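Asks: Have a look at this one.
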Amino acid sequence: MKCILVTGGAGYIGSHTAVELTNAGYDVVIADNLYNSEISAVEGVRKITGKEVAFEQVDCLDKNAMEKLFKKYQFSAVIHFAALKAVGESVEKPLDYYRNNLESLINVLSLMKENRVPNFVFSSSATVYGQPEELPATETTPRQKATSPYGNTKQICEDIIEDTVNATNGTMSALALRYFNPIGAHPSALIGELPKGIPNNLMPYITQTAAGIRKCLSIFGNDYDTPDGTAIRDYIDVTDLAKAHVAAMVRLIDKQNKTPYEVFNIGTGRPFSVLELVEIFEKTTGVKVNYRITGRRTGDIEKIWADTSLANRELGWKAEKSIEETLLSAWMWEKHLRGL
Ligand code: NAD
Ligand code: WQD
């Protein structure tokens, strides 16, 4: 059985991916420092899969601990989720973001080279596109200068990975998956997003408002050039997103990749505005979301959604969940967390 190292695997997307990889027959080792996650996520993964998925509490910045990890297991591949991800915080603490996100990547890639681990999948982000001039965004849509240190770490990481694999004479291959907006939770409601403090992202803010934890959702701007004036995104179900990693893994392990470094958009191709999302949430769950329109949030883009044809064709992967299913899963998770 192929053994996959999943850094950041106790986190939101990593835990869902650990489930899908395990269900697909891979041996998974989750490595996480639990900075932004809890051990309960690993327990959730074990409960869902019925397997004793391995967990190692390590910091990817700790080179010695990471060396031991690479000696303890024989990895066939690494999926690197471990990163800090709060856009606003990255503006206040840029060095923390550059240190954590770049150094952890460099450590992982160096150890992969030293230990001859050939396959790498990276969590990139649609944030690298900024506001594209043409929509939907394809993988060849030019990246734009990042508007936050967080976004910049994703661009720099992509470049580091490309340069690294190109220098290995074909012994290493990597896929960068550019996620659009991941939302929702596992249908079991045993794992999901665990935002610390007041959520920055829309989905947990909606579910927390619906649960009565937040008084009112602020919708950031209704004067965008969109049909209802609110901003547009491509919301991808986290389980669909997790399955894209399994498809990426199969491509690399079966050596189906066309170049040593490849990039794929992972989204649905379906645009929704903020107001539409709130309305569908209310209709699907039967729960009202108290909201008001406020000013735009600094740094927000107006609209983006993905052209997913490359991933559909090359990875044989397609987002499957309806928006209703996804919103319902997010609500079931919130209810589970609050004991509702
Ligand atoms: P998350 O915070 O839930 O998961 C990240 C995990 O990495 C956490 O469990 C955290 O404890 C761990 N971690 C961070 N630094 C670490 C380190 N140095 N050593 C070991 N563990 C470390 O975030 P997520 O939403 O699951 O995101 C996963 C990846 O996907 C990140 O790289 C993120 O930038 C990227 N991404 C996320 C989104 C999103 O909206 N959630 C969108 C695009 C890309
Ligand atoms: C979605 C829409 C907001 C909260 C961020 C990162 C991006 C990626 C995904 C990691 C926007 C609006 C939000 C609220 C609102 N992460 N909104 N009220 O900004 O598209 O992307 O997460 O790579 O890099 O920037 O996601 O969920 O914060 O916002 O009106 O309380 O909801 O203005 O239009 P975003 P989001």
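Asks: Return the Rg/Rh ratio of the chain with Cα-based radii and a Kirkwood Rh.
Replies: Checking Rg against Rh, the ratio lands at 0.95.
Asks: Can you list the HN-Hα couplings for region 220-234, worked out from phi with the Karplus curve (6.51, -1.76, 1.60; θ = phi - 60°), rounded to whole Hz and with x for Gly and Pro?
Replies: So the Karplus estimates, Gly and Pro as x, are 7, x, 10, 10, 7, 7, 9, x, 10, x, 9, 5, 10, 9, 10 Hz.
Asks: Additional query: Given q = 0.09, 0.11, 0.15, 0.18 Å⁻¹, what are the Debye log10 I(q)/I(0) values for region 66-218, with equal point scatterers placed on the Cα positions and solvent ignored?
Replies: -0.37, -0.55, -0.95, -1.20
Asks: Between residue 312 and residue 40, with labels modelled 7 Å along Cα→Cβ, what's the label distance in nm to one decimal, could you check?
Replies: If labels sit at residue 312 and residue 40, their model points lie 3.9 nm apart.
Asks: Expressed as a whole percentage, what fraction of the accessible surface of region 63-191 belongs to carbon and sulfur atoms when a 1.4 Å probe is rolled over the protein heavy atoms? Intermediate results must be reported in sequence, preceding the final value.
Replies: Working: 2850 of 5810 Å².
Summing carbon and sulfur atoms, their accessible area is 49 percent of the total for region 63-191.
Asks: What percent does the relative contact order of the chain come to when contacts are Cα pairs within less than 8 Å and at least six residues apart?
Replies: Details: 670 pairs, mean separation 65.2, N = 340.
Relative contact order for the chain comes out at 19 percent.
Asks: Filter the GluC sites (Glu not before Pro) in region 3-95 down to the DSSP loop ones having no more than 11 other Cβ atoms within 10 Å, then list what survives.
Replies: Values: sites: 20, 38, 43, 52, 56, 67, 89, 92; in loops: 38, 52.
Those that pass, being in a loop and sparsely packed, are 52.
Asks: Enumerate the amide H contacts of residue 269 below 5 Å, restricted to partners 5 or more residues apart or on another chain; note that Pro and chain-start residues carry no placed amide H.
Replies: Placed amide hydrogens put 306 under 5 Å from residue 269.
Asks: Classify region 196-304 as rounded, prolate or oblate, taking a ≥ b ≥ c as the square roots of the eigenvalues of its Cα gyration tensor: rounded when a/c is under 1.5, otherwise prolate if a/b is larger than b/c and oblate if not.
Replies: prolate
Asks: Filter 145/318; 47/113; 215/288; 2/243 down to the pairs with a C-alpha to C-alpha distance above 23 Å, please.
Replies: Correct reply: 145/318; 47/113.
Asks: In addition: Give, as a single signed number, the net charge of other residues whose beta carbon lies under 14 Å from the beta carbon of residue 280, with Lys and Arg counted +1 and Asp and Glu -1. Don't skip to the end; give the middle numbers.
Replies: Values: positive: 233, 270, 283, 288, 321; negative: 228, 237, 276, 279, 282, 324, 325.
Once positives and negatives cancel, what remains is -2.
Asks: Got the relative contact order for region 193-252 handy, in percent, Cα pairs under 8 Å and 6 or more residues apart?
Replies: Relative contact order here is 13 percent.
Asks: With 18 Å as the cut-off, how large is the P(r) tail for region 84-130, expressed as percent of Cα-Cα pairs?
Replies: Details: 475 of 1081 pairs.
Tail fraction, whole percent: 44.
Asks: Considering only protein heavy atoms, what per residue accessible area in square angstrom results for the chain with a 1.4 angstrom probe? Kindly include the intermediate steps, with their values, before the conclusion.
Replies: On the way: 15120 Å² over 340 residues.
Solvent-accessible surface per residue comes out at 44 Å².
Asks: Do any trypsin sites (Lys or Arg not before Pro) in region 209-302 lie in a DSSP loop with no more than 11 other beta carbon atoms within 10 Å, and if so, which? Before the final figure, lay out each step's value.
Replies: On the way: sites: 214, 215, 233, 243, 251, 255, 258, 283, 288, 292, 296, 297; in loops: 214, 215, 255, 258, 288, 296, 297.
Counting only loop positions with at most 11 other Cβ atoms within 10 Å, the trypsin sites (Lys or Arg not before Pro) in region 209-302 are 215, 255, 258, 288.
Asks: For a quick check: with amide H placed at 1.01 Å from N, whose amide H comes under 5 Å from residue 121's, ignoring anything fewer than 5 positions away on the same chain?
Replies: For residue 121, whose amide H was placed from the backbone, the distant partners under 5 Å are 78, 79, 80, 175.
Asks: Which whole-number percent of Cα pairs in region 175-258 have a distance greater than 23 Å?
Replies: When all Cα pairs of region 175-258 are counted, 41 percent exceed 23 Å.
Asks: What is the distance in Å between the Cα centroid of region 208-266 and that of region 105-139?
Replies: 15
Asks: Moving to a separate point now. Mind checking region 105-153 for GluC sites (Glu not before Pro) that DSSP puts in a loop (not H, G, I, E or B) and that have at most 10 other Cβ atoms within 10 Å? If you can, show how the numbers build up before the last one.
Replies: Details: sites: 114, 133, 134, 139; in loops: 133, 134, 139.
Those satisfying the criteria are 133, 134.
Asks: Grab the Cα-Cα distance for residue 67 and residue 259, subtract it from 0.36 nm times how many residues apart they are, and report the gain in nm with one decimal.
Replies: Fully extending the segment from residue 67 to residue 259 adds 66.3 nm.
The values are calculated or read from the model by the stated rules, or taken from the named source; none is laboratory data. From a predicted model like this one, the values you see are computed outputs, not experimental measurements. For neighbour counting, all protein chains shown are included, and Cβ atoms are generated from backbone atoms with ideal geometry for every residue, glycine included. Heads up: the accessible areas ignore ligands, DNA and RNA and are worked out on the full protein's heavy atoms, side chains in. Shrake-Rupley method; radii C 1.70, N 1.55, O 1.52, S 1.80 Å.
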